[in-house]
1. Would you mind getting me the FRET efficiency between residue 138 and residue 2? Use the beta-carbon distance for r and R0 = 45 Å, nearest 0.05.
2. Given R₀ = 25 Å, FRET efficiency for residue 112-residue 228 by Cβ-Cβ distance, to 0.05?
3. Take region 177-230, compute every pairwise Cα distance, and split them into 5 Å bins from 0; I just need the percent in each bin.
4. For the chain, what is the charge dipole size about the Cα centre, in debye to the nearest 20, if Lys and Arg each add +1 at the Cβ and Asp and Glu each add -1 at the Cβ?
5. Where does each of 94, 26 land when they are ranked from fewest to most other beta-carbon atoms within 10 angstrom?
6. For region 76-157, what is the relative contact order in percent, using Cα pairs closer than 8 Å and at least 6 residues apart in sequence?
7. Averaging sequence separations of C-alpha pairs under 8 Å and six or more residues apart, then dividing by the length of the chain, give the relative contact order as a whole percent.
8. Could you give the nm distance between label points at residue 90 and residue 214, where each point is 7 Å from its Cα heading toward the beta carbon?
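FYI, it's all coordinate maths here, none of it is from the lab. Small disclaimer: the values here were computed from a predicted structure and weren't measured. Here the Cβ is made from the backbone with ideal geometry for all residues, glycine too, and neighbour counts use every protein chain on show.
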Amino acid sequence: MTRRTAVVTGASSGIGAATVRALAAEGWDTVAAARRLDRCEALAAEVGGRALALDVTDDDSVAAFAREVGPVDVVVHSAGGALGLDRFEDGDVEKWRWMFDANVLGVLRVTKALLPALRASGDAHIVVLGSIAGFEVYPGGAGYTAAKHAVNAVCRTLRIELVAEPIRITEVQPGMVDTEFSLVRFDGDAERAKNVYKGLVPLSADDVADVVRFAVTRPSHVNIDTLVVRPRAQATGMIAHREP
């Protein structure tokens with residue numbers, strides 16, 4: 001039997017890297033794709049996969065990636081992130097622009113570019129890493145929550161438009177995950193990023209990758225539409241139990 005191929009964007013760290021490891025452990029051929037190619041190459045060497053450069057915000061990069069990648073059975077969209085925690089009235093247009101470009105338009109660019117290969121697979125799967133920010137809001141989060149609400153709409157629309165084809169669509173919506181996410185959001189402020197998870201045990205990247213692994217290894221007729229996963233101590237984006 002021919003081994004199946006999974007492409008993972010944002011694979012240079014966090015959930016993306018963990019997903020590459022999880023799928024490689026299941027016997028998949030993996031393509032680790034991100035801007036930081038050196039990290040992807042190290043990961044590929046570790047799991048016996050491939051590494052390709054990919055900037056989901058750049059049309060030319062996505063086109064070049066699609067030409068080089070070859071057959072694709074699964075694409076996991078893990079690239080994206082948040083910038084800042086400004087009130088709406090203080091919103092930075094360029095930060096908002098990047099969040100929409102990376103989180104929403106990145107999914108558009110990569111999915112469009114890989115759709116011919118996914119269709120050729122005959123049994124394909126598109127997995128998008130959304131967030132609880134795709135159905136919740138919180139003060140200071142308007143830019144990110146708006147982008148992730150858009151991601152949720154994209155996934156639900158794709159599910160309708162591709163329902164007649166053998167292509168599954170899954171959105172995974174994590175709560176607090178201890179990755180580089182908060183470090184990027186707070187412009188490298190390690191102390192502020194650490195405080196996000198203070199007093200509780202957050203999810204790890206491996207926890208979320210295991211959820212992705214579960215979704216893509218279900219029988220072909222089973223589609224996990226949306227899966228929300230949070231730490232036990234987190235009830236909503238605003239409500240969590242923290243030990244003293």
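1. The calculated FRET efficiency here is 0.50.
2. On the way: r = 27 Å, r/R0 = 1.08.
Using R0 = 25 Å, I get an efficiency of 0.40.
3. Spelled out bin by bin, region 177-230 gives 4, 17, 21, 17, 15, 11, 8, 5, 2, 0 percent.
4. Details: 27 positive and 32 negative charges, 107 e Å.
It works out to roughly 520 debye.
5. On the way: 94 9, 26 13.
Neighbour counts put them in this order, fewest first: 94, 26.
6. On the way: 84 pairs, mean separation 33.4, N = 82.
For region 76-157, the relative contact order is 41 percent.
7. Working: 474 pairs, mean separation 46.5, N = 244.
Over the chain, the number comes to 19 percent.
8. Using points 7 Å along Cα→Cβ, the separation is 3.9 nm.
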